[in-house]
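The values are calculated or read from the model by the stated rules, or taken from the named source; none is laboratory data. Computed from a predicted model, the values in this text were never measured in an experiment. Side chains are part of the model used for accessible areas, which takes the heavy atoms of the whole protein and leaves out ligands, DNA and RNA. Shrake-Rupley method; radii C 1.70, N 1.55, O 1.52, S 1.80 Å.
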Amino acid sequence: MSVKSSVYAIYGIAIAPSHDLSALHTALEARPAETASPAPGFVRVGLFRVGDSEHIILGTACEELEPNEYRPMSDLDIDPLWNDALLSLTEQHGLPVLSGPSWLLVHDLS
């Protein structure tokens, strides 16, 4: 079995791992789907699990970094609406924020 190493930059918030993320899953699924022309102010938020869910990230943007590539973090966009969407979800669900909102580098093995 081979192991693939991936590196991502995710704009989001790292939250404390929880044994019950069902309420958060339900809230994310209940959000309207993104369309080709999303409504002004629409922010898509996804749930990223790192490893075997040792780290949980609520993220609004994800950029994969290819092998032998580098990119200055300042080149990655930030939309001011992202912070509001992320912080609103953490407040609504009482999720403790470990870090962020910011660009988080994630090294994942699969």
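Quick notes
- For the chain, the solvent-accessible area with a 1.4 angstrom probe is 65 square angstrom per residue.
- For the chain, Kirkwood radius (reciprocal of mean inverse C-alpha pair distance, Å): 15.0 Å
- Rounded percent of accessible protein surface that carbon and sulfur make up, the chain, 1.4 Å probe: 53 percent
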